[in-house]
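The values are calculated or read from the model by the stated rules, or taken from the named source; none is laboratory data. Because the structure is a prediction, the values reported are computed rather than measured. Cβ coordinates were reconstructed from backbone atoms using ideal geometry, including for glycine residues, and neighbour counts include every protein chain displayed.
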């Protein structure tokens with residue numbers, strides 16, 4: 001497998017979110033609740049007439065920080081979102097915005113969720129126009145994230161479809177159209193966020209790969225899939241699993257890159273052997289640790305991964321989104337990420 005053109009060996013990236021500024025969002029209120037599945041306009045500090053401009057300014061701030069830290073594949077930081085999933089999930093036809101449903105989240109708590117009252121359809125692009133502007137400003141490799149069909153199914157109350165698999169397949173069709181529009185806008189990599197593949201592995205084995213492949217049908221650009229154990233902030237104090245319950249099954253999917261969480265759970269990097277034909281976005285930044293890693297710590301975690309996968313297959317990343325970090329800590333961790341990858345690159349003579 002060749003390295004990605006125009007990128008160094010062991011390129012670096014963020015997983016998705018970057019800290020939103022305090023002047024944009026009420027971070028204390030954000031931290032006090034689970035990530036919203038339905039709309040949560042009360043989190044924004046900026047009044048509606050000026051919110052879009054403020055979100056654009058925050059996006060440019062996130063881009064600037066990533067460039068300054070030395071990140072190779074940049075993202076928009078999800079500055080326009082209240083959570084990783086709710087912006088797209090509530091923009092589709094078939095969702096009753098005014099009457100949310102209820103569903104249990106991965107912590108076991110009941111949460112307001114989108115209520116599916118009719119056929120799921122995507123009427124128009126949701127992220128593409130803003131993504132195109134971001135691509136122009138980024139001037140290099142970019143990645144945009146959207147929620148995947150299996151996770152959206154698990155985060156919904158299904159009052160329309162005969163079963164969850166049928167709902168997932170219509171979510172997948174909507175996601176497929178969005179992916180194609182994002183690639184057409186110039187996005188280098190479109191990432192599907194699918195944390196519920198791990199949280200509900202038995203249901204995932206029943207139909208998740210079929211739904212993923214429907215979401216990727218006819219897609220010609222690069223795609224990634226993020227699967228994790230959950231935000232460190234949300235699961236604070238709880239020991240994370242040391243292994244994935246749903247991972248090797250993804251070898252059969254058509255996704256190009258698998259993003260896994262390795263730093264905080266001290267995941268055995270031998271698990272990379274379960275994905276021999278995929279690129280790996282490997283988590284080397286522990287977001288449960290408020291201390292900024294040294295470049296050497298990052299390098300050592302990468303060296304562990306390289307015992308089981310060729311360097312051309314590895315993309316270095318944090319474990320998960322950085323939404324709940326302070327900006328200072330998040331920037332410091334990204335700088336350590338870039339510096340640690342550079343150390344290993346030099347050792348490899350690249």
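The table below lists the values:
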item	result
Any strands (runs of 3 or more DSSP E) falling wholly within segment 89-160 and containing at least 2 residues that are surrounded by fewer than 23 Cβ atoms within 10 Å (Cβ to Cβ), at pLDDT below 95 and out of contact with any helix residue (DSSP H, G or I) (no Cβ under 8 Å at 6 or more places or on another chain)	93-104, 110-121
Extreme residue, farthest from the chain's Cα centre (by Cα), among residues of segment 39-49 that are closer than 20 Å to residue 114 by Cα and part of a helix (DSSP H, G or I)	42
Yes/no for residue 2 being touching a helix residue (DSSP H, G or I) at 6+ places or on another chain (Cβ under 8 Å), surrounded by fewer than 19 Cβ atoms within 10 Å (Cβ to Cβ) and touching a residue at least 24 places away in the same chain (Cβ under 8 Å)	yes
Test: residue in segment 223-232 that is buried (at least 18 other Cβ atoms within 10 Å of the Cβ), under 19 Å from the mean Cα position of the chain (by Cα), farther than 27 Å from residue 108 by Cβ and at pLDDT 95 or above	yes
Single residue of segment 57-86 satisfying the filter (free of Cβ contacts under 8 Å to residues at least 40 places away in the same chain and out of contact with any strand residue (DSSP E or B) (no Cβ under 8 Å at 6 or more places or on another chain)) that is nearest to residue 138 (Cα to Cα)	64
Residue match in segment 163-170 (condition: in contact (Cβ under 8 Å) with a residue 60 or more places away in the chain and on the phi < 0 side of the Ramachandran plot)	yes
Matching residues, segment 325-350, being in a loop (DSSP other than H, G, I, E, B) and either crowded, with 20+ Cβ neighbours inside 10 Å or at pLDDT below 95 (or both)	325, 349, 350
Number of positions in segment 282-308 that are closer than 18 Å to residue 73 by Cβ and not in a strand (DSSP E or B)	3
Subset of segment 1-38 that is farther than 21 Å from residue 260 by Cα and not in a loop (DSSP other than H, G, I, E, B) - its residue that is modelled with the highest pLDDT	25
Qualifying residue in segment 175-196 (condition: modelled with pLDDT under 95 and within 30 Å of residue 102 (Cα to Cα))	yes
